[in-house]
Amino acid sequence: MLHLTAIVTCLAMAFDFFTSTQVARARADCGNKAPSVTGHPDFGRVFRVQMNTLEWMPLFLPSLWLFAMYLGDLAAAALGAIWIVGRILYWNGYRQAANKRSMGFAVQALACFALWLGALGAIVWKVAHT
Amino acid sequence: MLHLTAIVTCLAMAFDFFTSTQVARARADCGNKAPSVTGHPDFGRVFRVQMNTLEWMPLFLPSLWLFAMYLGDLAAAALGAIWIVGRILYWNGYRQAANKRSMGFAVQALACFALWLGALGAIVWKVAHT
Amino acid sequence: MLHLTAIVTCLAMAFDFFTSTQVARARADCGNKAPSVTGHPDFGRVFRVQMNTLEWMPLFLPSLWLFAMYLGDLAAAALGAIWIVGRILYWNGYRQAANKRSMGFAVQALACFALWLGALGAIVWKVAHT
């Protein structure tokens, strides 16, 4: 069983859920009632953090698990932890200003790309050698 | 193989797909042409049901499967079925009025949280005892 | 290990990521600054391609893997490849005009439905025969 990867998965889900609680809070702060998803830029940025995190979940989770299955639990969990740190930096930057979102975005994108590329490389290598 | 969890997964996907068919229907009813996603509140609420279901899929499915792998097929499938029932209540409430969405939301949130917490607890217990 | 299904999963993630790069490009072309997600229809259509791809990922990936586990790697990967082709057609049509999105949409929907139905049928058959 890939215990460490499973724990990182739970933490990534916790952060994803956290971004949605921030949207609920921004709705209250900006007086933006559901179902509206447009309005004040302060709401828009927090909403985009949630949406962007949601967009990356189906890139991150399968990459994480394929990497773990083909290349090992510990390395997958370490890269997955970096992804979560990048996501936290992204959230913390973007909620302040749109142009502060780049660094965290780059960190999480690189971590996810490393997981994806490592997994794909390992799979292709296995197919070629069996 | 975790057959019951697999069946609940198929049913959850079927409901998720159903929410997107309701958006297509609401587009026709409200005269809201694609690619627009704003407009009449009747459209907005149905669109939010789809979006919120989409937002919860990457929380629900990994929690469901980790719970099933660590704590068993039957309990996972039972909690997963409660999640689907909560989602149906949420859809049925929210499409009528924004303030009728709370009960179904709470049911599905509790079911998902139980899956997530049970999985995380079981994983940590395993790591600590091996 | 389900190597071919794993490769198709990596390719599907690559296409999903590609649709988000097109949104960034359309933001530049249409002068639509983040966090706004409304504006010019040329932006709206490209944004909807990304969103719709995102909406289908939690339908496609679990269906693909359940099909692969219950009915075999090769058939799953073949249907998964058709799904990706349908997604490319959908993107190429929709970015030109809203009414050119139907054919690609139908191809990917049928491929995904075949994966879902095949998986569900095989699971129910297994439960009934064990």
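How about the range B:54-66: which of its residues are open to solvent by less than 10 Å² (accessible area, probe 1.4 Å) and in contact (Cβ under 8 Å) with a residue 40 or more places away in the chain? Break it down stepwise before answering.
Our first condition is that a residue be open to solvent by less than 10 Å² (accessible area, probe 1.4 Å); within the range B:54-66, this holds for B:54, B:57, B:60, B:63-64, B:66.
Result: B:Met57, B:Phe60, B:Ser63, B:Leu64, B:Leu66.
Which count do you get for residues in the range B:2-20 that are open to solvent by 30 Å² or more (accessible area, probe 1.4 Å) and more than 7 Å from chain C (Cβ to nearest Cβ)?
5
Restricting attention to the range B:94-111, does a residue exist that is part of a helix (DSSP H, G or I), within 25 Å of A:Leu59 (Cα to Cα), under 10 Å from the mean Cα position of the chain (by Cα) and not aliphatic (A, V, I, L, M)?
yes
Could you pull out the residue among B:Met103, B:Met51, B:Met69 that is open to solvent by 20 Å² or more (accessible area, probe 1.4 Å), within 10 Å of chain A (Cβ to nearest Cβ) and among the hydrophobic types (A, V, I, L, M, F, W, C)?
Going through B:Met103, B:Met51, B:Met69 in turn, the sole match is B:Met69.
Only one of (1) in contact (Cβ under 8 Å) with a residue 24 or more places away in the chain; (2) within 30 Å of C:Thr9 (Cα to Cα) is not met by A:Val23, so which one is it?
Status for A:Val23: all satisfied but (2).
Conditions first: (1) of a type in the set (A, V, I, L, M, F, W, C); (2) in contact with a Cys (Cβ under 6 Å, 6 or more places away or on another chain); (3) more than 26 Å from A:Lys126 (Cα to Cα). A:Phe60 passes all but one, so which condition is the exception?
Here A:Phe60 meets the rest and fails (3).
Name every residue in the range B:56-65 that is within 8 Å of another protein chain (Cβ to nearest Cβ) and within 8 Å of the chain's Cα centre (by Cα), in order of residue number.
Within the range B:56-65, B:Met57 is the sole residue that qualifies.
Quick test of your reading of the structure: A:Val23 fulfils all but one of (1) hydrophobic (A, V, I, L, M, F, W, C); (2) at the interface with another protein chain (Cβ under 9 Å from one of its Cβ atoms); (3) surrounded by fewer than 21 Cβ atoms within 10 Å (Cβ to Cβ); (4) part of a helix (DSSP H, G or I). Name the failing condition by number.
Evaluating A:Val23 over (1) hydrophobic (A, V, I, L, M, F, W, C); (2) at the interface with another protein chain (Cβ under 9 Å from one of its Cβ atoms); (3) surrounded by fewer than 21 Cβ atoms within 10 Å (Cβ to Cβ); (4) part of a helix (DSSP H, G or I) leaves (2) as the failure.
Filter the range A:27-46 down to the residues that are open to solvent by 10 Å² or more (accessible area, probe 1.4 Å) and within 14 Å of chain C (Cβ to nearest Cβ) and list them by number.
Answer for the range A:27-46, where residues must be open to solvent by 10 Å² or more (accessible area, probe 1.4 Å) and within 14 Å of chain C (Cβ to nearest Cβ): A:Cys30, A:Asn32, A:Ser36, A:Val37, A:Thr38, A:Gly39, A:His40, A:Pro41, A:Asp42, A:Gly44, A:Arg45, A:Val46.
Might you check whether a residue that is within 23 Å of C:His3 (Cβ to Cβ), at pLDDT 95 or above, assigned to a helix (DSSP H, G or I) and over 17 Å from the mean Cα position of the chain (by Cα) occurs anywhere in the range C:112-119?
Taking every residue of the range C:112-119 in turn, at least one turns out to be within 23 Å of C:His3 (Cβ to Cβ), at pLDDT 95 or above, assigned to a helix (DSSP H, G or I) and over 17 Å from the mean Cα position of the chain (by Cα).
The values are calculated or read from the model by the stated rules, or taken from the named source; none is laboratory data. Bear in mind the structure is a predicted one, so any value in this text is a computation, not a measurement. Note that each Cβ is placed from the backbone with ideal geometry, even for glycine, and that neighbours are counted across all protein chains shown. Remember, those area values only see protein heavy atoms, side chains included, never the ligands or the DNA or RNA. Shrake-Rupley method; radii C 1.70, N 1.55, O 1.52, S 1.80 Å.
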